[in-house]
Amino acid sequence: MDVRAQVSMVFHLDKCIGCHTCSISCKNIWTDRRGTEYMWFNNVETKPGTGYPTQWENQDKYKGGWEVKGSSLKLKSTSKAKYLPNIFHHPHMPTMDDYYEPWTYRYDNLFNAPAGDDQPIARAVSMVTGEPMEIKAGPNWDDDLGGSPIYASNDVNLKGLPEETRQQLNALERLVFFYFPRICNHCLNPACVASCPSGALYKRGEDGIVLINQKVCRAWRSCVAACPYKKTYFNWSTGKSEKCLLCYPRLETGQAPACFHSCVGRIRYLGLLFYDADRIKEVAALPDDKIVEGQRDLILDPFDPEVIAGAKKNGMSDEFIEYAQRSPVYKFVKVWKIALPPHLEYRTMPMLFYVPPLLPVLGSTDNNIYSNKTKPEDVFHKFDEMRIPMEYMANIFSVGKVDLMKYTLKKLMAVRVFKRAQTVGDIEMATALETLHAADTTEEEAEAIYRMTSLPTFSQRFVIPPLHREMAVEAYKDPADFKKSVGFGFTEAPKRGL
Amino acid sequence: MPSLLAQSESLFANLDSVLFVGLPYAAIVLFLYATIRRYVSSKFGYSSLSSQFLENKKLFYASAPWHFGIIALFFGHLIGFLIPREILWWNSVPARLYVIELSALIFAILALVGLVNALHRRATSSRIRVVTSKMDVVILILLLIQVVDGIWIALFHRWGSSWFAGIMAPYLWSLFKFSPDISAVKEMPFAIKLHVVGAFVILGVFPFTRLVHMLVLPLSYMWRRPQQVIWNRDRRTTKS
Ligand code: HEM
Ligand code: SF4
Ligand code: SF4
């Protein structure tokens with residue numbers, strides 16, 4: 001057993017209001033430079049929808065992630081045999097047209113236009129070429145367009161659903177969508193790292209954050225093609241790839257990442273997970289129907305004396321281990337089992353988990369008037385009447401396993417029924433308790449889930465471990481030696497080469 | 001008073017030693033000094049500066065033929081320089097000579113097609129123009145002259161693979177041994193002289209262009225483990 005720690009995340013989708021504050025706070029800090037305009041380290045998608053870049057989940061097109069070949073894992077986009085012949089033109093590199101061409105407006109025209117018969121206008125101009133352009137796409141172009149035949153119907157996760165079910169999703173009384181905020185998952189088996197010919201990408205040993213060394217990146221663009229979540233981006237101006245860094249400078253000073261800190265819906269949780277690094281390869285190669293449980297299994301119990309001993313052996317302090325024990329992510333993922341990873345079938349072992357949203361059940365029309373006569377306690381039994389098909393949710397969060405998705409949603413629903421019985425009182429407590437048991441949970445657990453979902457304080461949502469940057473190499477090596485590599489920052493202007 | 005003819009002759013003699021002795025040494029020194037300096041002081045600028053993200057289709061017909069062509073030609077010249085005697089032995093059978101010459105010509109045409117496409121792409125795509133520096137244009141034009149001249153030589157000064165071994169390899173070796181002997185090169189026709197001069201000009205401007213990307217060719221990927229983990233605490237050790 002090789003016990004390692006990962007700063008991991010949970011996003012509670014029922015709480016996301018789709019305000020995009022997270023995306024904006026990130027953009028203002030990290031991607032407001034030339035060449036990064038189109039980069040959204042954090043983006044919020046509407047599901048069902050096509051996402052960003054368009055249809056990123058279609059790996060037949062983008063070739064992201066891993067596949068099992070024989071008994072081993074292989075990248076879909078590259079290999080030791082193929083990377084050199086393909087280096088001059090990457091066959092699976094997405095282009096700006098898969099994202100969008102960033103634009104601004106000629107605002108100065110509003111002030112400087114000569115007097116004339118018409119109102120002056122601010123034309124859209126490309127932020128790449130500066131030329132006037134037609135705006136055809138944007139970073140959240142299908143925002144809120146659930147039920148749209150162009151966007152929602154082309155959601156890759158609807159694949160395999162009966163045509164009739166797909167059609168129903170466009171019906172007015174069935175209209176439904178939820179928000180899907182995404183950042184880099186800081187995976188345990190990152191395809192981006194494994195694909196880089198220069199070895200510019202790496203995972204930090206202490207906290208598992210995945211980074212790109214800007215001085216080693218040579219624009220071979222392999223990581224962009226290999227990441228199935230399309231969370232590494234190519235800076236067309238500097239000729240370097242860039243990605244979400246989980247705001248590590250903030251984490252190292254005890255602050256939550258900007259998107260977490262600013263999240264209006266307070267949907268985000270951050271904390272440590274311990275895992276067994278010796279078993280990553282084995283778990284990542286599990287068959288589709290075993291991999292979700294497999295990943296849960298890989299996560300270790302921070303209270304287990306054997307795990308604690310292993311953690312200490314790898315240099316973790318008592319204090320650090322205590323933070324792991326208080327991690328909200330551990331509770332959501334491992335104890336309560338109500339948080340699931342996105343698209344584990346890509347086999348990168350993402351370490352960002354989602355509490356799936358409890359979507360509304362199907363309404364009915366009475367004399368053409370919309371009504372929903374379902375009683376709260378009945379909702380529990382009506383999963384098959386959810387507006388959004390369970391298979392669809394399972395395709396995103398549980399590798400198609402409907403039973404896992406049902407287990408999660410039932411538990412979440414049971415917590416609501418229980419709290420409703422407690423606070424509103426229109427449900428019998430006996431019924432509520434029965435519901436709890438049927439959902440494999442207890443009063444104590446339901447109370448704990450309720451508290452962590454509805455009432456958590458800042459420090460309960462973000463249990464940021466002491467990363468002790470002051471104890472890293474700079475502390476006992478001659479700082480001058482490291483002046484240009486670690487600790488003293490980037491001393492060279494990030495200027496495009498000749 | 002020396003006659004006009006003699007004067008111009010000595011001028012040419014001087015020009016020859018400038019072009020075939022002075023220029024090569026200047027280019028090699030500049031190449032070594034500036035390339036290393038650039039690597040040490042601005043590593044960030046070492047990049048292939050790919051523009052595939054901005055334009056994908058035309059790039060395929062530019063970059064792929066260009067690189068496959070030029071890399072094959074590069075190794076061809078290198079082999080001719082390193083083992084001239086073996087090349088002469090190989091070429092002693094005409095059929096084998098034709099094989100070498102024909103494949104060299106094919107690679108040269110590939111390179112030419114790629115270069116022309118690259119220049120065309122840089123001239124016509126507005127997105128690509130934004131990421132085209134002055135030095136990109138300079139180097140593409142220098143390379144174009146060099147490749148066209150190379151094809152000219154292949155067609156009109158036949159069997160280069162043989163005379164390269166007899167004339168160019170000894171000349172280049174003499175440069176490396178610091179006892180330059182230009183007696184053979186200076187008798188060469190103009191096209192060949194231009195090719196030699198072009199090569200050293202390209203070498204000299206090399207560190208000031210995107211060509212530095214070939215020095216960071218990532219070969220270690222072939223034997224490295226897929227995952228890289230770097231520790232900040234304790235030592236900066238790399239484990240898989
Ligand atoms: C040694 C292996 C080499 C590798 C791995 C390599 C790789 C690359 C890559 C990835 C690009 C960027 C293509 C893009 O825009 O996506 C590029 C461009 C270029 N390379 Fe190479 N290259 C190599 C050797 C060479 C050599 C030997 C030369 C010439 C002597 C050369 C000249 C160029 C030029 C001129 C461009 C710019 C093409 C354009 O205008 O778009 N490369 N190379
Ligand atoms: S989400 Fe993509 S970029 Fe992030 S670690 Fe995983 S493979 Fe790499
Ligand atoms: S800030 Fe929070 S609530 Fe708003 S879109 Fe982002 S994740 Fe959702």
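When you scan the range A:401-416, do you find a residue that is part of a loop (DSSP other than H, G, I, E, B), without any contact (Cβ under 8 Å) to a residue 24 or more places away in the chain and of a type in the set (D, E, K, R), even just one? No, because not a single residue in the range A:401-416 is part of a loop (DSSP other than H, G, I, E, B), without any contact (Cβ under 8 Å) to a residue 24 or more places away in the chain and of a type in the set (D, E, K, R). Taken over the range A:181-192, the criterion of being away from every other protein chain (no Cβ under 14 Å), of a type in the set (A, V, I, L, M, F, W, C) and in contact with a helix residue (DSSP H, G or I) (Cβ under 7 Å, 6 or more places away or on another chain) is satisfied by A:Ile183 alone.
Taking the range A:420-435 on its own, how many of its residues are aliphatic (A, V, I, L, M), in a helix (DSSP H, G or I) and surrounded by 15 or more Cβ atoms within 10 Å (Cβ to Cβ)? Quick ask: steps written out before the conclusion?
Going residue by residue through the range A:420-435, those that are aliphatic (A, V, I, L, M) are A:421, A:424, A:427, A:429-430, A:432-433.
Okay, now just the ones that are also in a helix (DSSP H, G or I), so A:421, A:429-430, A:432-433.
In the following step, the residues that additionally are surrounded by 15 or more Cβ atoms within 10 Å (Cβ to Cβ) were identified as A:421, A:432-433.
Number of matching residues: 3.
Restricting attention to the range A:163-193, and to residues there that are assigned to a helix (DSSP H, G or I) and surrounded by 24 or more Cβ atoms within 10 Å (Cβ to Cβ), which single residue is farthest from ligand 2 (Cβ to nearest atom)? Within the range A:163-193, the match that is farthest from ligand 2 (Cβ to nearest atom) is A:Val193. Taking first residues from the range A:120-138 that are without any contact (Cβ under 8 Å) to a residue 40 or more places away in the chain and assigned to a loop (DSSP other than H, G, I, E, B) and partners that are of a type outside the set (Ser, Thr, Tyr) and exposed (fewer than 11 other Cβ atoms within 10 Å of the Cβ), the Cβ contacts under 9 Å between residues at least 6 apart in sequence or on separate chains come to A:Pro120/A:Phe111; A:Pro120/A:Asn112; A:Pro120/A:Pro114; A:Ala122/A:Asp108. If only residues of the range A:66-84 that are under 13 Å from B:Tyr221 (Cβ atoms) and of a type outside the set (Val, Ile, Thr) are counted, the one that is surrounded by the fewest Cβ atoms within 10 Å (Cβ to Cβ) is A:Ala81. Filtered by the rule that a residue be facing chain A (nearest Cβ under 9 Å) and part of a loop (DSSP other than H, G, I, E, B), the range B:131-144 gives B:Val131, B:Ser133.
Could you go through the range A:92-115 and let me know if any residue there is loosely packed, with under 14 Cβ neighbours inside 10 Å, of a type outside the set (Val, Ile, Thr), more than 10 Å from chain B (Cβ to nearest Cβ) and closer than 30 Å to A:Val44 by Cβ. Break it down stepwise before answering.
From the range A:92-115, those loosely packed, with under 14 Cβ neighbours inside 10 Å are A:104-105, A:107-112, A:114-115; that's our starting set.
Subset that is of a type outside the set (Val, Ile, Thr): A:105, A:107-112, A:114-115.
Still in the running and more than 10 Å from chain B (Cβ to nearest Cβ): A:105, A:107-112, A:114-115.
So of that shortlist, the ones also closer than 30 Å to A:Val44 by Cβ come out as A:105, A:107.
Yes; the residues of the range A:92-115 include at least one that is loosely packed, with under 14 Cβ neighbours inside 10 Å, of a type outside the set (Val, Ile, Thr), more than 10 Å from chain B (Cβ to nearest Cβ) and closer than 30 Å to A:Val44 by Cβ.
Taken over the range B:65-85, the residue count meeting the criterion of being within 14 Å of another protein chain (Cβ to nearest Cβ), touching a residue at least 40 places away in the same chain (Cβ under 8 Å) and surrounded by fewer than 18 Cβ atoms within 10 Å (Cβ to Cβ) is 1.
Any residue at all in the range A:20-28 that is modelled with pLDDT of 95 or more and not in a helix (DSSP H, G or I)? Yes, some residue in the range A:20-28 is modelled with pLDDT of 95 or more and not in a helix (DSSP H, G or I). Beta carbons closer than 8 Å, at least 6 apart along the sequence or on distinct chains, pair a first residue in the range B:224-238 that is more than 7 Å from chain A (Cβ to nearest Cβ) with a second that is surrounded by fewer than 18 Cβ atoms within 10 Å (Cβ to Cβ) and at pLDDT below 75 for B:Arg225/B:Ser240. Restricting attention to the range A:1-36, the residues being buried (at least 23 other Cβ atoms within 10 Å of the Cβ), away from ligand 1 (no atom under 16 Å from the Cβ) and more than 17 Å from the chain's Cα centre (by Cα) number 3. Looking at the range A:168-182, is at least one residue more than 16 Å from ligand 3 (Cβ to nearest atom) and of a type in the set (Ser, Thr, Tyr)? The answer is no, given that none of the residues of the range A:168-182 is more than 16 Å from ligand 3 (Cβ to nearest atom) and of a type in the set (Ser, Thr, Tyr). Restricting A:Ser153, A:Ser195 to residues that are within 14 Å of another protein chain (Cβ to nearest Cβ) and hydroxyl-bearing (Ser, Thr, Tyr) narrows the list to A:Ser195.
Within the range B:35-47, is even one residue surrounded by fewer than 12 Cβ atoms within 10 Å (Cβ to Cβ), more than 27 Å from A:Ile87 (Cα to Cα) and among the basic types (Lys, Arg)?
Going through the range B:35-47, the residues surrounded by fewer than 12 Cβ atoms within 10 Å (Cβ to Cβ) turn out to be B:36-37, B:40-41.
Right, trim to more than 27 Å from A:Ile87 (Cα to Cα) and you get none.
Checked the range B:35-47: no residue is surrounded by fewer than 12 Cβ atoms within 10 Å (Cβ to Cβ), more than 27 Å from A:Ile87 (Cα to Cα) and among the basic types (Lys, Arg).
Note on the range B:86-130: among residues that are of a type in the set (Ser, Thr, Tyr) and either in contact with a Gly (Cβ under 7 Å, 6 or more places away or on another chain) or part of a helix (DSSP H, G or I) (or both), the one that is farthest from the other protein chains (Cβ to nearest Cβ) is B:Tyr98.
Counted as qualifying within the range B:4-84 are the helices (runs of 4 or more DSSP H) with 3 or more residues that are farther than 25 Å from B:Ile106 by Cα, modelled with pLDDT of 95 or more and among the small types (Gly, Ala, Ser), namely B:23-41. Number of residues in the range A:327-348 that are part of a loop (DSSP other than H, G, I, E, B), within 19 Å of A:Thr232 (Cα to Cα) and over 12 Å from the mean Cα position of the chain (by Cα) equals 2. When the criteria are applied in full, B:Ile141 meets the requirement of being over 18 Å from B:Leu30 (Cβ atoms), loosely packed, with under 15 Cβ neighbours inside 10 Å, at pLDDT 95 or above and not charged (D, E, K, R). Within the range B:40-85, being within 7 Å of ligand 1 (Cβ to nearest atom) and at negative phi holds for B:Ser48, B:Ser50, B:Ser51, B:Gln52, B:Leu59, B:Ala62, B:Ser63, B:Trp66, B:His67, B:Ile70, B:Ile71, B:Phe74.
Filter the range B:170-206 for residues that are within 14 Å of chain A (Cβ to nearest Cβ) and either outside any helix (DSSP H, G or I) or within 16 Å of ligand 3 (Cβ to nearest atom) (or both) and give the result. Once the filter is applied, which keeps residues that are within 14 Å of chain A (Cβ to nearest Cβ) and either outside any helix (DSSP H, G or I) or within 16 Å of ligand 3 (Cβ to nearest atom) (or both), the range B:170-206 yields nothing.
Whenever a residue of the range B:20-32 is touching a residue at least 24 places away in the same chain (Cβ under 8 Å), its partners that are assigned to a helix (DSSP H, G or I) and of a type in the set (Phe, Trp, Tyr), lying with C-beta atoms within less than 7 angstrom and at least six residues away or across chains, give the pairs B:Leu23/B:Phe200; B:Pro24/B:Phe200; B:Ala27/B:Phe200; B:Phe31/B:Phe206. So, in the range A:237-251, of the ones that are polar (S, T, N, Q) and facing chain B (nearest Cβ under 9 Å), which residue ends up nearest to ligand 2 (Cβ to nearest atom)? Looking at the filtered set, the residue picked out is A:Thr238. Only residues that are outside any loop (DSSP other than H, G, I, E, B) and more than 25 Å from the chain's Cα centre (by Cα) were counted in the range A:288-319, giving 11. Only one entry in A:Phe260, A:Phe274, A:Phe234 is within 14 Å of chain B (Cβ to nearest Cβ) and crowded, with 24+ Cβ neighbours inside 10 Å, namely A:Phe234. Taken over the range A:77-90, the criterion of being of a type outside the set (A, V, I, L, M, F, W, C) and touching a residue at least 60 places away in the same chain (Cβ under 8 Å) is satisfied by A:Ser77, A:Thr78, A:Tyr83, A:His90. Which members of the range A:70-83 meet the condition of being hydrophobic (A, V, I, L, M, F, W, C) and touching a helix residue (DSSP H, G or I) at 6+ places or on another chain (Cβ under 8 Å)? Correct list: A:Leu73, A:Leu75. In the range A:8-65, the qualifying residues are those that are within 14 Å of chain B (Cβ to nearest Cβ) and of a type in the set (Ser, Thr, Tyr), and the one that is nearest to ligand 2 (Cβ to nearest atom) is A:Tyr62.
The values are calculated or read from the model by the stated rules, or taken from the named source; none is laboratory data. Because the structure is a prediction, the values reported are computed rather than measured. Please note: Cβ atoms are built from the backbone with ideal geometry, for glycine as well, and neighbour counts cover all protein chains shown.
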